[in-house]
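Let me begin by presenting the structure, written as structure tokens, before commenting on it.
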Amino acid sequence: MLEQIALLLVFLKASALAVGGLASLPLLRADLVPRFVTDAGIVQALAIGRLGPGPNGLYIVSLGYLVAGWTGALYALVGATLAPLAILPATALARRWLLSSWFGGLVRGVSLATAGLLLATGATIVNAGGTQVWQLGLVVATVAVTLQGRLHPAVMIVVGGIVGLALGR
């Protein structure tokens, strides 16, 4: 029972401290690997979350399922939704602070720190997964095309899928 409560608290903490989407990934990886799941399990949950419709953050439910079955999926869902639901009334009370310059600086600082954490976590997962040269080339090409802004991101997703099918044997 204590381990189940600990698992719920892990998902709740990740949701409360993340700024959306994949921002909870570094927190979840730090708390779940290697005690509950491996890096391969996290990559699998990310893939399942990306293939399914809906927001990016729903990979958390897949991760919960991989960790503890249907109970883990339920804990992940509850943990991922409680924090945002608690924030809604708080933002209504603090509306004047949300428009202040110090709050804007806080949001930018948190966003940049999260981007750094995501890069570090991604590099760790890539190193653990035995990444091949063609995969790194795909990353570089995607970043270059995305920074130029000439192609819609969905095109790169389709291209990545096709390249993965062709070369990922």
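Just so you know, all these numbers are worked out from the coordinates, no wet-lab data involved. Since we're looking at a predicted model, the values are computed, not measured. Please note: Cβ atoms are built from the backbone with ideal geometry, for glycine as well, and neighbour counts cover all protein chains shown.
Given the DSSP H assignment, sum -39500 (n - 2.57) over each helix run of at least 4 residues in the chain and divide by its residue total; what's the result at 222 nm in deg cm²/dmol, nearest 500?
Values: 8 runs with 135 residues, N = 169.
One gets -26500 deg cm²/dmol as the mean residue ellipticity at 222 nm.
Please sort through the DSSP H helices of the chain and keep those with an alpha-carbon extent of at least 15 Å along the long axis and a Kyte-Doolittle average not below 0.5. Before the final figure, lay out the partial values.
On the way: long enough: 2-17 (22 Å, 1.75); 39-51 (18 Å, 1.07); 59-93 (38 Å, 1.54); 101-128 (40 Å, 1.19); 133-148 (23 Å, 1.64); 153-167 (21 Å, 2.41).
Span-like helices, by this rule, are 2-17, 39-51, 59-93, 101-128, 133-148, 153-167.
Quick check for me: using +1 on Lys/Arg Cβ and -1 on Asp/Glu Cβ, what's the dipole size of the chain about its Cα centre, in debye to the nearest 20? Numbers along the way, then the final one.
Details: 9 positive and 3 negative charges, 77 e Å.
That gives a dipole near 360 debye.
Would you work out the Kirkwood radius for the chain? I mean one over the mean of 1/r across all pairs of different Cα atoms, in Å. Write down the numbers at each step before the final one.
Values: mean 1/r = 0.0564 Å⁻¹.
Final number for the Kirkwood radius of the chain is 17.7 Å.
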